[in-house]
Every structure is written in C-alpha cells, then in structure tokens.
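Below is one structure, written out as structure tokens, with a few remarks after it.
The values are calculated or read from the model by the stated rules, or taken from the named source; none is laboratory data. All values reported here derive from a predicted model rather than from experimental measurement. With ideal geometry, Cβ positions are generated from the backbone for all residues, glycine too; neighbour counts draw on all protein chains shown.
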Amino acid sequence: MADKKGIQEYQISITPFKEEKNTENNNSTVYIEVLESKQKLLLISDIVHPDISAISKAISSNDNYELTISNKDGFDGSYSDYNLIIAYQTNIEFSDVPVWYFYGESSSASTLDWFTFNKSTLIEEASPVFNDFSLFSLSEDWDVWLKQLPPIYVPLGNCSSSGQSIFTQSLKGVELEKPLFVFSNEVGIRQSVFIGEGIWRWRLYEYKQNKNHLLFDELIQKSIQYLVLKDDKRPFRLKAKNKIYNNENLLLELDLYDSNYDLVNDVDVSLVLKDESNNEFDFLFDKNQNSYELNIDKLEVGNYTYTAQAKRGTNSYKQEGSIKVIPLQLEFLDDQNNHEVLQELSNKNNGKFFYLNQLSFLLEELRNLEKTSVLYSKKTFTELIHSKWISVLLFVFLSLEWIIRKINNNI
C-alpha cells in the first residue's frame, strides 16, 4: 500500500533459477501514479429501501471508497467534505461536488440544468436497454446479462435530458427514447440520474445465477469512478513520459489556457532539463497550432528533472517533473531465436529456411546444388627495396660495372 501520492518507482525482481544464463531480464522498474487513496462518498435519503443496502454493499466491496449513510434531515455536515453525493429519492440543493440522483416512487418533480423530470403517480415495470455510450465501458458479459435482469419499477412522467444515456427504457417490450440511467458534465460538475427503483433485485438475481455480485458491483463502481474523476482545470498542463529508453527521443507536450479555458500559445515557454550531475540544459518549446511541443534528442542513461515555465500578462506558470532514461538491451530481454525474422531474411535473399528437424532436407538440398568451378586469385605487391637478395645483386652488378669502366678508363 502506497503511503503518498504522486509517481512512485518500484523495482520488481525474480530469483534466478539454478544455472540460469541470462539474468538481465529478471529485474524491471515500473512506475505507478498513486492518486488520493480514499474517495469519500455520502449516501443520503429520507426513506428506508433495499436499494440503499444493495448500493452500499457494492461500494463497500472497494477499499478505495469510504461511505457514509445519513438521513437528509439529520445531516448537519458540509457536502464539500465529500467526493460524491448519492441522493436516493431526495433532492439536493446546489452542490459543488458531483451528485448521483435516484428517482423513484417517493421522489418529487425535479429540474436540473440538464435534466427535467415531471413525475406521474403511475408506476410501470421497465427493462434496461443498452444505448450508445462512450463515457466508460462495461465488460462484454453485460450485453447478454442486461437482457436477463428482472425489470425495475419506473415512475411514469415526462422527462427530458441533454446528457448521455447508458440505459434507456423498454416498457412492455417497446423500446423508448426515455433515459433510464444518464450522465452529464455540462455544468462543469459531473452528475448522473437513475430513474427507477428495485435494482436490489439485480444484485440478488446475479448471486442466484452466478454466486457472486461481480457485474452489479462493476456497474456501481464504474459509475462512481466516472463521477468522482476530477477534470483537469490547470491552466498550465505538461504531458511527458516518466520513463523512456536511451534510443528514444523525449517528447513533451504542453497546453496553456487563458481565463476562458481556451487554448493559447502567444507566449514563449522555456524548459530547463537537469541531469544527475546538476548540469542544466535550456530549451524553448515549439508552437504547434494552438499548443506547444518539444522534442529532445536521445539522452544518456540516467535520471533527469525538468522545469517548464511561462509568463503571460501578470500570471506566471510553472510545472516540474522527472524522467528516467534506461538502457535498451534487447539481447538480454529476449534470448530466444526469432524464426520469423530468420525466415524473412531467407526469403529476401532467395535462400531457403530449415528447422532443426529438417536436417535431412538440408543435406538433400546441398547435394542437389549445381557444381560450379570457382577460381580464386590473389595479387600481392612488394617493393623491390624490401627484397634482400635483389638488393644485394643490384649492388654487386653496379659495383662490377664501375670496376670495368675504371679498368677501361671510361671513368
């Protein structure tokens, strides 16, 4: 269990086998970003309902969530102390934290900035139908499982939504456009509405069929995971890997936002890169359309820190980070023969490829090769002055010529 937030470095090692030749790939370094360890959730309601028990059990199965259940009239705390409020068949006054609303028989008419519900006194059984949804995904088992679930009780009435529905309603086999489970982030705060009650039967039915609650808990937990995820509202955002190989370039991407959260790149952004010896290297980001980019050539192996800074008007921006450059040694990571590469090389060079159990075919292929005569020649050049006997003979002949000329008075 990590004891602090941020990027954490972990070393993973495997004890080598006896007489293991290659132990380089027995060690690896991984980096994990640790977020806030606990998300505080408040489930608030004015009624007692088995849905509350089903929802709370699904939440409690995840150690990252800390759930508080309270009656609305008896709640005297602050909503801002929580990461998410689950309002079960009760209305919440304006809140600056995400809210997940459940509407049922005890709910009154409600109007949100993106959702309107005018309740009728009639209740009808409705089945969920998958809708086009992109905010998060559920496991593939839900495609079949959703059709098997017991219906839930939906209060009839007019409702309109500008959000994105994961489930819509099916009444008596007729699929409607009316939302059953819908999400929105239009007002800058993530919210969700579930129309209907009786989802406790979904959890009970799953245990009866599968002896677990995996799918039901997945639906609740992934919905919460999306709702509590905070949008990055920093005006100065730098994106970079925290680990690269020494054969890679270091790519840094940076976004700068003005007060209206529009991307701008009308000022210079500098970066100072520092190595383990405290040597500093200065860079300037390139402007790319309405953002920034910096591509640094291959770095030496080691640990680096960087600081990006900019000034726009009276506002100053700064972001720091670190990166580790590790050596790339593929021969140590994978010491197995790659037959596909060998066969590809063979094909490209008009050769033939044989496996170890095909030695007889190789011998036969060698015997059938056309015999050709090959003549090799080798030329060697040596300076005469380096030949001892030739030098001696030349000296003798020259001496004789001189003596003969002397005797004949030619000199």
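With respect to (1) assigned by TED's automatic domain parsing to the domain that holds residue 56; (2) over 30 Å from residue 203 (Cα atoms); (3) not small (Gly, Ala, Ser), the lone exception for residue 224 is condition (2).
Only one of 156, 171, 122, 146 is surrounded by 14 or more Cβ atoms within 10 Å (Cβ to Cβ) and either farther than 19 Å from residue 202 by Cα or small (Gly, Ala, Ser) (or both). Can you tell me which? Talk me through it step by step, then tell me what you get.
On the way: 171 fails: either farther than 19 Å from residue 202 by Cα or small (Gly, Ala, Ser) (or both); 122 fails: surrounded by 14 or more Cβ atoms within 10 Å (Cβ to Cβ); 146 fails: either farther than 19 Å from residue 202 by Cα or small (Gly, Ala, Ser) (or both).
After applying the criteria, what remains is 156.
The condition of being in a helix (DSSP H, G or I) and out of contact with any helix residue (DSSP H, G or I) (no Cβ under 6 Å at 6 or more places or on another chain) holds for residue 346. Per this entry, residue 299 is counted among residues that are crowded, with 16+ Cβ neighbours inside 10 Å, over 15 Å from residue 239 (Cα atoms), in the same structural domain as residue 247 (by TED's automatic domain parsing) and aliphatic (A, V, I, L, M).
Test of understanding: among 268, 231, 262, which residue is more than 30 Å from residue 302 (Cβ to Cβ), surrounded by fewer than 15 Cβ atoms within 10 Å (Cβ to Cβ), charged (D, E, K, R) and more than 25 Å from the chain's Cα centre (by Cα)? Break it down into steps so the answer makes sense when it comes.
Details: 268 fails: more than 30 Å from residue 302 (Cβ to Cβ); 231 fails: more than 25 Å from the chain's Cα centre (by Cα).
Residue meeting the stated conditions: 262.
Give the range 176-185 a look and list any residue that's under 13 Å from residue 135 (Cα atoms) and in contact with a Gly (Cβ under 7 Å, 6 or more places away or on another chain), or say none. Quick ask: steps written out before the conclusion?
In the first step, residues of the range 176-185 are kept if they are under 13 Å from residue 135 (Cα atoms); the result is 181-185.
Within the range 176-185, 182, 183, 184 qualify.
How many residues are surrounded by 14 or more Cβ atoms within 10 Å (Cβ to Cβ) and of a type in the set (Val, Ile, Thr) if we restrict to the range 110-119?
At the first step, the residues of the range 110-119 found to be surrounded by 14 or more Cβ atoms within 10 Å (Cβ to Cβ) are 110, 112, 114-117, 119.
Those still in the list that are of a type in the set (Val, Ile, Thr) too: 116.
Final tally of qualifying residues: 1.
The residues listed here are 390, 385, 403; of these, the one that is surrounded by 10 or more Cβ atoms within 10 Å (Cβ to Cβ), β-branched (Val, Ile, Thr) and modelled with pLDDT under 75 is 390. Summed over the range 142-177, residues that are in contact (Cβ under 8 Å) with a residue 60 or more places away in the chain and in contact with a helix residue (DSSP H, G or I) (Cβ under 6 Å, 6 or more places away or on another chain) total 1. Contact annotation: residue pairs with Cβ atoms under 6 Å, 6 or more positions apart or on different chains, pairing a residue in the range 40-53 that is in contact (Cβ under 8 Å) with a residue 60 or more places away in the chain with a partner that is part of a loop (DSSP other than H, G, I, E, B) and not small (Gly, Ala, Ser), are 46/72; 46/90; 51/199.
Of the strands (runs of 3 or more DSSP E) contained entirely in the range 13-126, those carrying at least 3 residues that are at pLDDT 85 or above fall at 39-45, 65-71, 84-88, 99-103.
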